[in-house]
1. In the neighborhood of Lys21, defined by Cβ-to-Cβ distances under 12 Å, what is the net charge if each Lys or Arg adds +1 and each Asp or Glu adds -1?
2. How big is Rg to Rh over the stretch 118-164, alpha-carbon atoms, Rh as the Kirkwood inverse-mean-distance radius?
3. Quick one: Cα convex hull volume of the stretch 9-60, Å³ per residue?
4. Each residue of the stretch 106-111 in turn: what ³J(HN,Hα) in whole Hz from Karplus with 6.51, -1.76, 1.60 and θ = phi - 60°, glycine and Pro shown as x?
5. Counting Lys +1, Arg +1, Asp -1, Glu -1, what net charge surrounds Ile138 among other residues with beta carbon under 11 Å of its beta carbon?
6. Using packing as a proxy for protection, rank 7-13, 33-39, 94-100 so that the peptide with the highest average count of other Cβ atoms within 10 Å comes first.
Amino acid sequence: MENQMSGFCDELTGALIGLAKACKMNIRQAAVTRLLMEGLITTITDAGFDDQALSDMLLKVRREKDRIAPGCSVCKSVCGNTSDYDIKNIRTSEEEIRFFKSLILSGIKGIAVYAFPDMAKGYENEKINEFFYKALSIISYDLTMEDLLPVVAETAEMSESAAQCASQNSHFLIIPDYKSMEELTTRKLLAILEENYPISLIPMPEQDLKKITKELTTFN
């Protein structure tokens with residue numbers, strides 16, 4: 001069951017990346033942004049979503065992408081610009097690239113956890129909203145560690161803003177799926193990270209995640 005759920009999470013994450021890329025040449029719509037946030041939250045390992053919830057969300061995401069870019073689903077000359085991303089590509093990347101892309105992905109999941117309830121109540125931050133499209137698209141690009149470092153820093157800034165835990169001297173990156181991130185972390189990678197940006201990796205308290213997950217059910 002765990003492997004099946006992991007597969008669903010990977011497929012949904014790849015579809016969310018495809019949806020974000022499909023919006024590149026389109027006006028950002030609040031409904032799409034909300035779906036990106038909702039989808040990211042659904043992929044959080046400890047958030048309590050089952051296979052059916054993941055499957056239902058995957059269907060919603062793919063239907064939305066077909067609505068935004070209807071020609072892509074029947075195009076015979078696939079360009080890849082709106083294609084779903086294979087998350088396995090991250091796991092087979094070199095250590096530094098794998099770490100930073102995973103860091104960005106986990107970071108935007110944390111941002112979604114904080115930003116989605118606010119959006120549902122009518123409070124929006126356009127800068128944060130736009131970052132979901134940027135971060136998801138960048139994960140699919142073939143970039144160097146130097147290219148990804150500024151995005152990691154921006155992820156930290158967006159996390160800090162979304163969680164309202166600003167600090168004058170540090171940026172805090174919220175990581176809800178901390179266990180998997182911990183497995184990717186090495187002293188070498190942490191040294192590279194801390195040398196360039198003052199970023200602290202902090203887990204979301206389990207009670208906060210459970211509370212937010214419970215609140216989300218009122219908006220479904």
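1. On the way: positive: Lys24, Lys65, Lys134; negative: Asp84.
Net of charged neighbours comes to +2.
2. Ratio of gyration radius to Kirkwood radius: 1.05.
3. Values: hull volume 3.3 nm³, N = 52.
Hull volume over Cα atoms, normalised by residue count, gives 64 Å³.
4. Rounded to whole hertz, the list is 5, x, 6, 5, x, 4.
5. Working: positive: Lys21, Lys101, Lys134; negative: Asp142, Asp147, Glu154.
Here the charged neighbours net out to 0.
6. On the way: 7-13: 20.3, 33-39: 22.4, 94-100: 17.4.
Going by the mean number of other Cβ atoms within 10 Å, highest first, we get 33-39, 7-13, 94-100.
Throughout, read-outs are computed from the coordinates displayed, never taken from laboratory work. Not measured: the values here are computed from a predicted model. Neighbour counts are summed over all protein chains in view; Cβ atoms, including those assigned to glycine, are modelled from backbone coordinates with ideal geometry.
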